[in-house]
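Shown next, in structure tokens, is the structure this report addresses.
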Amino acid sequence: MTDTRSTAKAEVPDTPAGRSRRPRGRPLLYTSYTQDMALLDTRAKKIWTGLLVLLALSLSVVLADRSLEVLAGAYVLAIGAIGLNIVTGYAGQVSLGHAFFVAIGAYTAAAVSGPRGGEHLGLGLAEIWIWLPAAGLVAALFGVLVAPLATRLRGLYLAVVTLGLVFLGEHVFKEWDHLTGGPGVGREAAVPQLFGLPLDQDGFATKEQQLYVLMLVLLIVFAVAARNLARSRIGRAFSAIRDRDIAAAVIGVPLTRYKVLAFGISSFYAGCAGGLFYSISGYVEPGSFSLLLSVQFIAMVLIGGVATVSGAIAGALFISLLQPITRSLPELLPIVSADTTVTPNVFQVETVLYGLLIILFLVFEPRGLFGIWIRVRTYWKSWPFSY
Amino acid sequence: MAVLTVEDVGLSFAGVRAIDGVSFEVGPTELFAVIGPNGAGKTSIFNVLSGVYRPQRGKVVFLETELLGRRPDEIAAMGLARTFQNVELFHNLTVLDNLMLGRHCHFGYGTLSAIAWFGRARRQELEARARIEDIIDFLELAAWRRHPVRLLPYGIQKRVELGRALAMEPRLLLLDEPVAGMNLEETEDMARFVLDIRDELGIPIVLVDHDMGLVMDLADRVLVLDFGRQVALGTPAEVQRDPKVIEAYLGGTA
């Protein structure tokens with residue numbers, strides 16, 4: 001007894017609070033606020049997140065190029081979904097205008113990276129570390145300009161106004177040929193070039209493998225940034241505005257500034273996602289930025305889980321992987337056509353499916369895939385006991 | 001020197017005079033109570049003080065600064081904290097996050113620092129967390145630290161709301177019916193907290209409540225309102241003897 005006590009005493013000065021290891025099998029025993037406030041606050045979370053990242057990286061070698069392209073697209077959409085979740089999930093400002101900000105990002109990126117003096121507007125700066133922040137910042141600027149509406153309007157009214165943005169954008173992008181190439185024609189998208197190395201051509205690995213790894217790394221960066229934001233004073237202020245705005249103001253949260261910030265950050269994510277997404281296919285068409293795209297993002301957030309970063313990622317993967325399945329419908333069901341001029345066609349089926357999924361999730365699991373995961377986790381925590 | 005000076009404040013909503021020429025002062029460690037029948041304008045006074053309502057006339061000076069015309073968040077940053085009659089917590093957040101939100105004004109880091117969670121942001125968050133833990137101890141909230149607030153019993157929610165106001169490190173605390181709807185035991189707990197806040201933390205308090213026993217036992221001075229007008233102002237003993245107060249509460253012969 002005396003021995004252990006004296007060693008314990010001797011250890012105290014050597015181990016500063018927060019560095020000491022946690023005893024095995026006590027995942028919730030925290031001995032410092034650093035441990036308590038960590039993003040991955042249990043050993044299980046650390047191990048599983050590490051394994052998940054390793055798995056995602058190893059997929060680049062295992063999967064066929066076609067599947068890698070789909071997944072790379074899904075990762076980019078996940079960045080966009082995280083962005084929508086910041087403004088709609090955390091800050092509670094319903095936005096149907098996400099497609100508009102994605103478009104701003106896509107065209108800014110394309111214009112910055114496009115060849116100078118070509119058929120379309122271009123500045124000839126193909127480096128990704130130039131056009132990606134540019135795409136984000138220009139979209140964020142538009143977000144900040146739109147945000148003052150959110151300080152005047154709430155809920156449904158805000159949704160309708162942001163919906164107007166999509167229509168406005170659609171019109172401008174269709175008419176502004178020099179930037180967008182016009183409807184049905186389109187233009188070349190941003191070129192993902194990293195330190196002189198064009199990632200959209202086979203180099204170290206195949207084009208798809210390079211793009212896949214790039215998008216995965218960027219998704220991790222954006223996701224960690226969003227998680228950090230969410231646990232900071234800023235994320236807390238967003239949630240406060242969502243839950244009770246008057247009380248938020250009375251405890252010292254300036255409502256206007258934080259709503260503007262939420263729109264700005266969300267649009268930054270959307271802009272980056274827009275720039276990146278079309279660099280995979282290498283082509284942007286102004287018709288892509290319709291209400292359907294906004295609805296897709298909302299579906300990702302609602303199906304994945306409102307106000308969770310991992311939920312937004314799960315939702316984006318779910319919706320993106322749904323697409324290859326619906327696109328193969330015409331082979332299985334001859335009534336469904338792949339031609340957009342025929343009714344019913346695949347795209348209509350997709351839209352209906354998104355709507356249906358949103359309804360089903362809202363009715364049966366409003367917390368989305370994240371909620372299902374929480375239920376599974378708590379079930380296995382107490383298994384085989386039922387409580 | 002008074003912490004808060006209210007001078008001849010008048011607030012009306014399209015002809016309804018919610019507050020009509022009310023004046024009072026709150027001293028540096030005073031426990032000041034405002035009472036009156038329903039609709040007397042008690043909560044309206046709080047809303048004026050915290051910047052939610054803008055009165056048409058009058059002056060409100062808090063720590064030698066004029067309050068009228070300022071936004072609620074500016075007033076909060078000056079050190080005026082309040083609780084609400086109906087619990088106004090952030091229902092989806094945990095007790096910890098609600099209390100951390102109380103410290104919003106005390107953080108000094110920006111968006112980029114928050115995103116990187118490095119240096120300033122990290123240091124300040126850890127420091128804030130340690131401060132919050134003191135409040136959790138003080139209000140005996142340890143058992144509910146990680147619970148989402150909406151799942152907590154009403155009495156505990158009231159206590160969390162008091163904690164959120166305390167986390168602001170206020171220089172004046174406004175409590176709007178802190179014991180409304182509480183049972184005897186919860187009321188006594190709350191009374192103990194209110195006294196401790198004044199005596200141990202030295203924070204002056206303005207208290208609104210309908211529990212006359214509580215108000216008369218705790219308050220140093222009492223302001224009585226009726227239909228937005230000032231009926232009486234004095235120590236509990238003086239106020240209780242005042243015929244105009246009895247008339248306002250029980251109905252007069254006139």
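So the values come out like this:
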read-out	value
Hits in the stretch A:146-171 (condition: among the hydrophobic types (A, V, I, L, M, F, W, C) and surrounded by fewer than 15 Cβ atoms within 10 Å (Cβ to Cβ))	A:L156, A:V160, A:F167, A:L168
Residue list for the stretch A:232-256, filter: over 22 Å from the mean Cα position of the chain (by Cα), open to solvent by 10 Å² or more (accessible area, probe 1.4 Å), more than 7 Å from chain B (Cβ to nearest Cβ) and of a type outside the set (D, E)	A:L255, A:T256
Set A:L57, A:L77, A:L52: member being assigned to a helix (DSSP H, G or I) and open to solvent by less than 60 Å² (accessible area, probe 1.4 Å)	A:L77
Residue check, B:A14 open to solvent by 50 Å² or more (accessible area, probe 1.4 Å), away from chain A (no Cβ under 14 Å) and farther than 26 Å from B:G213 by Cα	yes
Condition met for B:L175 (open to solvent by less than 40 Å² (accessible area, probe 1.4 Å) and within 14 Å of another protein chain (Cβ to nearest Cβ))	yes
Every residue from the stretch B:40-81 that is part of a loop (DSSP other than H, G, I, E, B), buried (at least 17 other Cβ atoms within 10 Å of the Cβ) and among the charged types (D, E, K, R)	B:R70
Filtered residue count, the stretch A:362-375, keeping only those that are open to solvent by less than 60 Å² (accessible area, probe 1.4 Å) and over 19 Å from the mean Cα position of the chain (by Cα)	2
Selection count, the stretch A:99-117, where residues are over 15 Å from A:G282 (Cα atoms) and open to solvent by 40 Å² or more (accessible area, probe 1.4 Å)	2
Which listed residue, of B:E133, B:E127, B:E64, B:E74, is out of contact with any Leu (no Cβ under 8 Å at 6 or more places or on another chain), within 19 Å of B:R159 (Cα to Cα) and either acidic (D, E) or more than 11 Å from chain A (Cβ to nearest Cβ) (or both)	B:E133
A:G275 vs. criteria over 27 Å from A:A38 (Cα atoms), among the small types (G, A, S) and away from every other protein chain (no Cβ under 14 Å)	yes
Filter result for the condition that a residue is open to solvent by less than 10 Å² (accessible area, probe 1.4 Å) and either at pLDDT 90 or above or outside any loop (DSSP other than H, G, I, E, B) (or both), over A:A299, A:A314	A:A299
Strands (runs of 3 or more DSSP E) lying entirely in the stretch B:164-254 (those with 2 or more residues that are more than 26 Å from B:E133 (Cβ to Cβ) and more than 13 Å from the chain's Cα centre (by Cα))	B:221-226, B:229-234
Scan of the stretch B:93-115 for residues that are open to solvent by 20 Å² or more (accessible area, probe 1.4 Å), more than 7 Å from every other protein chain (Cβ to nearest Cβ) and in a helix (DSSP H, G or I), ordered by number	B:H106, B:L112, B:S113
Residue among A:P344, A:P384, A:P330 that alone is open to solvent by 30 Å² or more (accessible area, probe 1.4 Å) and either within 28 Å of A:K45 (Cβ to Cβ) or of a type in the set (G, A, S) (or both)	A:P384
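Yes/no matrix, rows are residues, columns are (1) among the charged types (D, E, K, R); (2) under 18 Å from A:G73 (Cα atoms); (3) not in a loop (DSSP other than H, G, I, E, B):
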| residue | (1), (2), (3) |
| --- | --- |
| A:F318 | no, yes, yes |
| A:Q323 | no, yes, yes |
| A:D339 | yes, no, no |
| A:T343 | no, no, no |
| A:I359 | no, no, yes |
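The values are calculated or read from the model by the stated rules, or taken from the named source; none is laboratory data. Predicted, not measured: the structure shown is a model, and the values here were computed from it. Here Cβ is always computed from backbone atoms with ideal geometry, including for glycine, and neighbour counts include all displayed protein chains. The protein model used for the area step is the full one, side chains on, heavy atoms only, and it has no ligands, DNA or RNA in it. Shrake-Rupley method; radii C 1.70, N 1.55, O 1.52, S 1.80 Å.
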